Structures are given as C-alpha cells and as structure tokens.
Amino acid sequence: MPFDIRRLVADRLGENYELHEQYVNPTLVDVFRTIGFDRVYARGEGAYLWDDQGDQYLDMLGGFGVAAIGRNNPVVGAALRDVLDMDLPNMVQMDCALLSGLLAEALVQRTPPHLDAVYFCNSGTESVEASLKFARAATGRDRFVHFRGGWHGLTMGSLSVMGGDEFREGFGHLLPGDEVEPGDLEHVERLLAREDVAAVIVECVPGHSVKLPPDGFLARVQQLCRDHGTLLICDEVATGYGRTGTMFAFEHFGLEPDIIATSKALSGGYVPVAATICRRQVYQAVFSSMERAWVHSSSFGRNNLAMAAGLATLSVIDDAHMLRRSAEQGAKLRDGINSLAGHHEVLKEARGVGCLVAIELQRPTGTTRRLAWDAVHAMHQGLYPQMVVMPLLDRHRIITQVTGRADPIIRLMPPFVISDDDIRWFVDALDDVLARSHRVAAPLAGMGRSALKVTLSGRRRQRA
Ligand SMILES: Cc1ncc(COP(=O)(O)O)c(C=O)c1O
C-alpha cells in the first residue's frame, strides 16, 4: 500500500502517549499524566487547539512562542506547499540557494544597519551556540558572562551560559564563565575589567521570569562591553519577531548588540529555523579565509522549507501589523489579569511586554489561605502555580505553563492573534481558578502521591 500520512494519522491518533512511553521519554509522559496534560490534540488554528473529542482549547503558550502569528497560518502554509510543488533543488550544499539569500536580505532590512550578516541554523540553542563561537573567534577570548535566571538552550555551549544549576547537573564540565545577578553592574565591571571575556549574553526581557532589568542597566552593560573589548549578545530566541511588541526586545532599551540569536517565531510555527545576525566584522572573523568558509555550518541550516517559512512569516508580521497586535493584546491581557488582584490575595501581579506575560503568585496574608499556601509550598516550591495551571486546563481548557525556577510564576506566550474574547475567556477562567486555589487539601494529597510516584518511577528507570 502506498504511504498515506493522512491514513496513518487517522488510524493511530490516540496512541500518542503509549508510543512516547515506549519509544521516547516515559518520564515526560509520567509528568503529563500526573498534571492531567495527557490530551490528544488533533488540530490547531490561530490561538486554538482541538482535541480528538472535538473540544476546543485556548493556547496561551503558543508552543513556547513558536506559534507567534497563530497556528497553521494560511500564508505560511501556502508558501510551504508552493515550495514543495515547485520541486526546488533543496540543500544542494555546493551552491548558494536563492531563498536563503532572500531571507538574509529580509532579516537585515529589519535589523539596525550595523547588524548586516546572517548565519542560518535550526534551533534557538544552535543560534546561541553560533553566537558564542562567533564571539570567541572575533575576540580571541574564552570566557562568557551571563545572568542568573536566564535561559539560553540546552546544548553544551548554551547550557554553559544558562542561569542556574538545575539543568546542568549530571552533564559534567562546561565552558568557562561567570554568572551575575541581574542588575549587579559592579560585578559585570569587575569581570570585564579582566579583559578575558568574549561576550556578555543577555535576554533583554527574560522569557522565564519576565523580570525587566533595572532602568539603564543594559545600556551600561553595553558601555562596559565597549570599554573592555567584549561583545554584547542579545538572545532574542523567545523575544524576536514581535513577541514584545517590537521586532526585537533590544529595541526597547536602545541597545546596539554585536550579535543577536533568533529562532522560534521566524518559523511561523511550522518548521525549525534559526538565524544568528551580527556585524559583518564579527562574521568575517569566523569565515576569515577560503579554508575556513565552512568552519561553522549545519547541513539543514539553509533549507528551503525553513527559508520559505521565514520569508512568509516576515510578510505576515508586516501585513497583519503583528507588532502592534502583540503590544495591544499583551497590554489588554495584563490589564485584565491585574484587575483581579484586588479579589485574590494570592495574585501578586501580571507583568511583561507585548505578548510575553508572567503571572506571579505570592504568599497570602489571610490565615486560611496562608496555611494552604504553606502546605503546598512545603511539598514543592513550584506546586502552587501548578495547582492553578492544572485546573485552567481541566476546567477551562486553557494551556499555560509554570516557569518560575525561583519564583511562583505562570508564563503566557499567546499567539498575537488572540482576540478580546479570548482574553476575557482567560481572565474569567483565572478568576475562577484562583478563587478555588486555596481549597487544596484533597487534590493536594492526591497530587503529592502522584508526584512522588513520578519521582520514584524515574529513579527505578534510571536504575534499570
Ligand atoms: C531565550 C531563549 N534562548 C534559547 C532557547 C533555546 O531554544 P531551542 O529550544 O529552540 O533550542 C530558548 C528556548 O526556549 C529561549 O527561550
């Protein structure tokens, strides 16, 4: 029988978790089952998903930001189908293809004039890896400075500049560098004064905590970089292409980074794509002679589907005024959530820029609610926000995520196409869930047991 992907999906939809349990990551399956996220999604469009029962969900996470212009955008979909229909030669490698040249041109047209050279790869972490290698090549220095709480990816180089230790455990020695508390300018100055730092890497708006740096901090870090021959890398993987209401987050701070790492939203939510954009001088320090023309590259880096998705996505961002939409809908979303603060002691604030929003919870002062908070926190620091995220899905069919590594935070990265009605759907649902969140005793005990089981089964698997 000829291969038929439609038939395959129709026949086997619903086996998702069993397949992953057996062949992929059973520990992740345990997590999804424990928190009730083991749904089978069958279709996506705009800000919505539908499960195999036909129920509609509001996707407030947008695939960690990849679905910024909405799922299955028809313009991007048509571009991808056209590229396939045209039978274009793809990844010939021993040529310079048209689409990658066109996307590079379109990107440079959307960055400040000094960022005029583009390197294509396939994921956020690869874009960060390229940034780090390029900075080393351009400066002849080894070390990096990064900020606590930052997120830069999970390959070895990116992991070396991730703020916090929890993701590094078990993976051995990483690249040399130093972690700085956001806002600690003196520490940055001391480190850069040694003149052995290749680059400072920063998310101007940190995607996980969404805590903005103190006023003027980033501009002063940039000045210190200039003073000491260090490059400034802005990680725009999560924030690039409109997430914060401007094309790139560094624009809010008037920065002139030497390198930016980008990915996620450029994909239109369809195919992996990433672009590291930097000064030509930095680029040429890497590809400095004909012998070194391939010294950093990736087989799939400039593939036609990724390039077409990027070109079509940029056109949608322009034509549908996506930057303005991200700014406006994000502001309405934050206002709506913050309007609940007076009703729910546990809600500290919603903060953010554009459609990157963090909802931070806090320990209530009223006795009953405080006791409930303390009981939950005693079990696990991230549990209270999890107890908001779970009923948001279960009772209201809204997808969100707990991200606070140090703080109790729920992160929202909705597609910019989210409507005013969707915002109302979310705010009403949050109101309901927060009102119930202190009545935790029974579900808490159940969750505690399940969480323990997940930990133990993970350990058993490790030993097996
Ligand atoms: C700011 C930032 N940098 C880098 C990455 C890594 O991207 P990827 O998951 O595509 O490797 C992420 C992923 O969430 C991110 O948010």
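Note on the stretch 140-165: among residues that are under 17 Å from Thr276 (Cα atoms) and in contact (Cβ under 8 Å) with a residue 40 or more places away in the chain, the one that is surrounded by the most Cβ atoms within 10 Å (Cβ to Cβ) is His152. Screening Cys225 on (1) more than 16 Å from the chain's Cα centre (by Cα); (2) under 15 Å from Met413 (Cβ atoms) shows it passes everything except condition (2). In the condition set (1) in a loop (DSSP other than H, G, I, E, B); (2) within 26 Å of the chain's Cα centre (by Cα), Glu345 is compliant with all but (2).
Inside the stretch 267-294, can you point out the residues that are assigned to a strand (DSSP E or B) and either over 15 Å from His114 (Cβ atoms) or among the hydrophobic types (A, V, I, L, M, F, W, C) (or both)?
Pass one, the stretch 267-294, residues assigned to a strand (DSSP E or B): 274-278.
Result: Ala274, Ala275, Ile277, Cys278.
Filtered by the rule that a residue be more than 16 Å from the ligand (Cβ to nearest atom) and in contact (Cβ under 8 Å) with a residue 40 or more places away in the chain, the stretch 248-277 gives Glu256, Asp258.
For the stretch 305-341, name all the residues that are polar (S, T, N, Q) and not in a helix (DSSP H, G or I). Selection gives Ser339 alone.
Residues in the stretch 348-386 that are among the hydrophobic types (A, V, I, L, M, F, W, C) and farther than 30 Å from Met247 by Cα: Leu371, Ala372, Trp373, Ala375, Val376, Ala378, Met379, Leu383.
Does Glu203 satisfy being away from the ligand (no atom under 16 Å from the Cβ) and charged (D, E, K, R)? Steps first, answer last, please.
Numbers: away from the ligand (no atom under 16 Å from the Cβ): no; charged (D, E, K, R): yes.
Against the criterion (away from the ligand (no atom under 16 Å from the Cβ) and charged (D, E, K, R)), Glu203 does not qualify.
Looking at the stretch 140-161, which of its residues are more than 12 Å from the ligand (Cβ to nearest atom) and not small (Gly, Ala, Ser)? Answer for the stretch 140-161, where residues must be more than 12 Å from the ligand (Cβ to nearest atom) and not small (Gly, Ala, Ser): Arg141, Asp142, Arg143, Phe144, Val145, Arg148, Met156. Inclusion of Gln53 among residues that are among the polar types (S, T, N, Q), in a loop (DSSP other than H, G, I, E, B), over 27 Å from His321 (Cβ atoms) and in contact with a Ser or Thr (Cβ under 9 Å, 6 or more places away or on another chain) is not warranted. Being out of contact with any His (no Cβ under 8 Å at 6 or more places or on another chain), touching a residue at least 12 places away in the same chain (Cβ under 8 Å), outside any loop (DSSP other than H, G, I, E, B) and surrounded by fewer than 16 Cβ atoms within 10 Å (Cβ to Cβ) is a description that does not apply to Ala104.
All of the numbers you see were taken from the coordinates with simple rules; none came from a lab. All values derive from a computational prediction rather than experimental measurement. FYI the Cβ positions are ideal-geometry reconstructions off the backbone, even for glycines, and counts take in every protein chain you see.
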